[in-house]
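Enquirer: Got a structure here, written out as structure tokens. Questions coming.
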Amino acid sequence: MKTVVAIVGAVLVIFTAGDMSKAASFDCSKAATKPEKLVCSDPILSTIDEQIAELYRQVLAGASDKEGVRKEQRNWIKTQRDSCQDASCMVEACQKRVADLENTIHQRMQETFKEAELHFTFRGNPINPLALQQLSPWLSDSLPGAVAVDVAGTAADTNQYFAEVEKSEKGLISVKKSDKKTGEDSSFTYKYLGRLANGKGAHVVETWDWGGGSGIFTHLLLLNFRLDSEYTGTGAPRERLVLARAGEIILGDRFVGLITIKDDQIVIVESETHGREHASPRVIPIR
């Protein structure tokens, strides 16, 4: 309701001066039924209709029973929206539909957030290693680059983060890449170690970054999940699960050792490597 009221002024300007055939979520020049013509003739209804279409796409995209979602939408159009005889009735029906769709999305995102917090997974799949690599700074830089990513946007079936993710029996999550121009191979691997502060603090992940040379650079990433939202082109919100970088501990090239998480401490015991003798435990308190 608040969203609709806030944009009414802008909508009236846009659709008074603009082409009404471009309004709504469908081509108004082809509107045939009375409800469709009513939507196209009213700027407020046109905007709400676009928002409903956007929210419906979000619900459908994340649904396991997609046909059930389609059936529910068709039933709402027939029994609620199209039963109205005037604009005020239709605005009320559409506002209620917006609220119902937003509630469905919110409940689903709460479940997604809970899963991520408990298992460090997204909808049953490992977090894409390329998302964690995005949050890892370049070795040549003193400060990090990206500090947060939209987890859904880094799912392995998206174009930008497309990857064949492999999971080993030891809990290693890996992605291998090959540069088509140079022919060089590279890989990024991580292992989820747990959470600080009795399971309520930052998630701790050990990562291995191999760029094709002799070095395998190891880091600990401290990460947090959070829920927030962004605005879509229709003004409708899209809730998102964000993975944010909370810190980093550099372990160096070809690190070999044991890492233990205890309450709010990370204990690092480095094994003998590169000719060095067994090192004393390194205790890092995370406050």
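Enquirer: Which Cys residues of the chain have no other Cys Cβ less than 4.7 Å away and so no disulfide-compatible partner by this rule?
Expert: C94
Enquirer: Shifting gears a bit: Given R₀ = 35 Å, FRET efficiency for V267-T121 by Cβ-Cβ distance, to 0.05?
Expert: Computed FRET efficiency for V267 and T121: 0.85.
Enquirer: Hey, another quick one. Could you tally the net charge around V283, taking each other residue with its Cβ under 15 Å from the Cβ of V283, Lys/Arg +1 and Asp/Glu -1? Provide the component values of the computation, followed by the final result.
Expert: On the way: positive: K262, R282, R287; negative: D263, D264, E270.
Local charge sum for V283: 0.
Enquirer: Given a Förster distance of 35 Å, report the FRET efficiency between K37 and Q110 from their Cβ-Cβ distance, rounded to the nearest 0.05. Walk me through the numbers before you get to the answer.
Expert: Working: r = 39 Å, r/R0 = 1.11.
It comes out at approximately 0.35.
Enquirer: Over the Cα atoms of the chain, Rg to Rh with Kirkwood Rh, two decimal places? Present the calculation step by step, with values, prior to reporting the outcome.
Expert: Details: Rg = 25.0 Å, Rh = 22.4 Å.
Ratio value, two decimals: 1.12.
Enquirer: Would you kindly state how much longer the chain becomes between E184 and F162 on full extension, computed as 0.36 nm times their sequence separation minus their alpha carbon distance, in nm to one decimal?
Expert: So the chain would gain 6.1 nm between E184 and F162.
Enquirer: Where in segment 123-138 is the amide nitrogen less than 17 Å from a point lying 7 Å along the Cα-to-Cβ axis of K191?
Expert: It comes to 127, 129, nothing else.
Enquirer: Same structure again: I'd like the FRET efficiency for L60 and S280, computed as 1/(1 + (r/R0)^6) with the beta carbon distance as r and R0 of 41 Å, rounded to 0.05. All intermediate terms of the calculation are to be shown ahead of the outcome.
Expert: Working: r = 56 Å, r/R0 = 1.37.
E between L60 and S280, to the nearest 0.05, is 0.15.
Enquirer: Compute the signed sum of charges (Lys and Arg +1, Asp and Glu -1) over the other residues within less than 11 Å, Cβ to Cβ, of A116.
Expert: 0
Enquirer: Around I216, with a cut-off of 9 angstrom between Cβ atoms, what is the net charge of the other residues, counting Lys and Arg +1 and Asp and Glu -1?
Expert: Net of charged neighbours comes to -1.
Enquirer: Could you give the size of the charge dipole of the chain about its Cα centre, using +1 on the Cβ of each K and R and -1 on the Cβ of each D and E, expressed in debye and rounded to the nearest 20?
Expert: Dipole size: approximately 400 debye.
Enquirer: Next question, about the same structure. To the nearest µm²/s, what D does Stokes-Einstein give for segment 120-285 at 10 °C and 1.306 mPa s, using the Kirkwood radius over alpha carbon pairs as Rh?
Expert: The calculation lands on 92 µm²/s.
Enquirer: Run the reach check for K177 against lysines, Cα to Cα strictly under 30 Å, same-chain hits fewer than 8 apart removed. What comes back?
Expert: K167, K191
Enquirer: Further, regarding this structure: Taking 0.36 nm per intervening residue step and subtracting the Cα-Cα distance, what contour gain separates D82 from K170 on full extension?
Expert: 26.1 nm
Every number here is computed from the coordinates shown, using simple stated rules; none is lab data. A quick note: this is a predicted structure, and the numbers were derived from the prediction, not measured. Neighbour counts are summed over all protein chains in view; Cβ atoms, including those assigned to glycine, are modelled from backbone coordinates with ideal geometry.
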